[in-house]
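Here the structure is laid out as structure tokens; the discussion comes afterwards.
The values are calculated or read from the model by the stated rules, or taken from the named source; none is laboratory data. Nothing here was measured: the structure is a model prediction, and the numbers come from that model. Note that we place each Cβ from the backbone using ideal geometry, even for glycine, and neighbour counts take in every protein chain shown.
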Amino acid sequence: MIRAAALLLALAGPAAAQDFAPVYDVLSHPRCANCHVDEAGIPLWSNDDGTTRPHGMNVQAGESRMGIETLPCATCHGTQNNPLPGGAPGAPDWALPPAEMVWAARSAREICEQLKDPERNGGRTLEEVADHVVHDPLVLWGWTPGPGRDPAPGTPEETAAAILAWAEAGSTCP
Ligand code: HEC
Ligand code: HEC
């Protein structure tokens, strides 16, 4: 019995860890991670080879996470995408998330742990996190990023379903 249980655990371990993989693929994508950056508050721009660089023009989001202290994001980022290639993309209330929601340069395990931690996810249950993904204009922008930008993988609905499936499977982390 004990051996069987241990075998089951060994099998469940990697399988459960994999459940977070489809969620990680979205959150770590540049269309999401370029905004989900650390306390330095410098958004990221994507290079053609898939790497990133700091946002140009010395943009600093500051404590406000909207650049109020220096140059507000809304100076250039409107409520919709600038249709010209290289123009600033847009969605309502363009801003960086709070620093504790950082995903850029974080491992799957780190992102997983913080996503389910109400102290670091805006006080949400995982159902509320999934709901945010299908309703928030900044998240939805990640799938409609305008000319010259790859959208995040899959769809908002598939991502929400993957979050709920991972939650139901026990929200284990890789
Ligand atoms: C323009 C910047 C921006 C982009 C791009 C962006 N986000 Fe966010 N995100 C935010 C802001 C601001 C918040 C904080 C909103 C809040 O807590 O109410 C946030 C919070 C979140 C949260 C809730 C907090 C948490 O950690 O659970 C989720 C989930 C989320 N974003 C998912 C995404 C996904 C998925 C993408 C890409 C498809 C994405 N975001 C792209 C700005 C952005
Ligand atoms: C002076 C104008 C200007 C200001 C101010 C500005 N941006 Fe930008 N931003 C741009 C332009 C132009 C681009 C498009 C660059 C490109 O794709 O080559 C861009 C692109 C971005 C991207 C990349 C989107 C992606 O995934 O491709 C993010 C994220 C971003 N800005 C966040 C912000 C945030 C947050 C602020 C405020 C703290 C801000 N920007 C302030 C002009 C500006």
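So R109 passes all but one of these: (1) at negative phi; (2) in a loop (DSSP other than H, G, I, E, B). Which condition number does it fail?
Condition not satisfied by R109: (2).
How many residues does the range 110-152 hold that are closer than 17 Å to H29 by Cβ and more than 9 Å from ligand 1 (Cβ to nearest atom)?
8
Do we find that P147 is touching a Ser or Thr at 6+ places or on another chain (Cβ under 9 Å), surrounded by fewer than 17 Cβ atoms within 10 Å (Cβ to Cβ) and either more than 23 Å from G62 (Cβ to Cβ) or touching a residue at least 40 places away in the same chain (Cβ under 8 Å) (or both) in this structure?
Details: touching a Ser or Thr at 6+ places or on another chain (Cβ under 9 Å): no; surrounded by fewer than 17 Cβ atoms within 10 Å (Cβ to Cβ): yes; either more than 23 Å from G62 (Cβ to Cβ) or touching a residue at least 40 places away in the same chain (Cβ under 8 Å) (or both): yes.
So P147 does not fit the description; no.
Of everything in the range 16-39 that's more than 9 Å from ligand 1 (Cβ to nearest atom) and outside any helix (DSSP H, G or I), which residue is modelled with the lowest pLDDT?
Looking at the filtered set, the residue picked out is D19.
Of all the residues that make up the range 72-106, how many are of a type in the set (D, E) and part of a helix (DSSP H, G or I)? Talk me through it step by step, then tell me what you get.
So in the range 72-106, the residues of a type in the set (D, E) come out as 93, 100.
If we keep only those that are part of a helix (DSSP H, G or I) as well, we get 100.
So the count comes out to 1.
Looking at (1) within 10 Å of ligand 2 (Cβ to nearest atom); (2) in contact (Cβ under 8 Å) with a residue 60 or more places away in the chain; (3) not β-branched (V, I, T), which is the one condition that is false for G90?
All conditions are met except number (2).
Which one of T159, T172 is more than 25 Å from A40 (Cβ to Cβ), more than 15 Å from ligand 2 (Cβ to nearest atom) and in a loop (DSSP other than H, G, I, E, B)? Full working, then the answer.
On the way: T159 fails: in a loop (DSSP other than H, G, I, E, B).
The conditions single out T172.
Of the conditions (1) in a loop (DSSP other than H, G, I, E, B); (2) crowded, with 18+ Cβ neighbours inside 10 Å; (3) in contact (Cβ under 8 Å) with a residue 24 or more places away in the chain, N121 clears all except one; give me its number.
Against the list (1) in a loop (DSSP other than H, G, I, E, B); (2) crowded, with 18+ Cβ neighbours inside 10 Å; (3) in contact (Cβ under 8 Å) with a residue 24 or more places away in the chain, N121 comes up short only on (3).
If you take the residues of the range 43-70 that are farther than 24 Å from P147 by Cβ and among the hydrophobic types (A, V, I, L, M, F, W, C), which of them is surrounded by the most Cβ atoms within 10 Å (Cβ to Cβ)?
The residue in question is A61.
Whether any residue in the range 81-101 is among the acidic types (D, E) and at pLDDT below 95 is what I want to check. Quick ask: steps written out before the conclusion?
Keep residues of the range 81-101 that are among the acidic types (D, E), which gives 93, 100.
Still in the list and also at pLDDT below 95: none.
The answer is no; no qualifying residue exists.
Taking the criterion of being at pLDDT below 95 and assigned to a loop (DSSP other than H, G, I, E, B), would at least one residue in the range 124-139 satisfy it? Don't jump to the end; show me each part of the working.
Pass one, the range 124-139, residues at pLDDT below 95: none.
No, the range 124-139 has no match at all.
What number of residues in the range 49-79 are over 25 Å from D136 (Cα atoms) and either within 14 Å of ligand 1 (Cβ to nearest atom) or among the hydroxyl-bearing types (S, T, Y) (or both)?
Looking only at that region, the number is 2.
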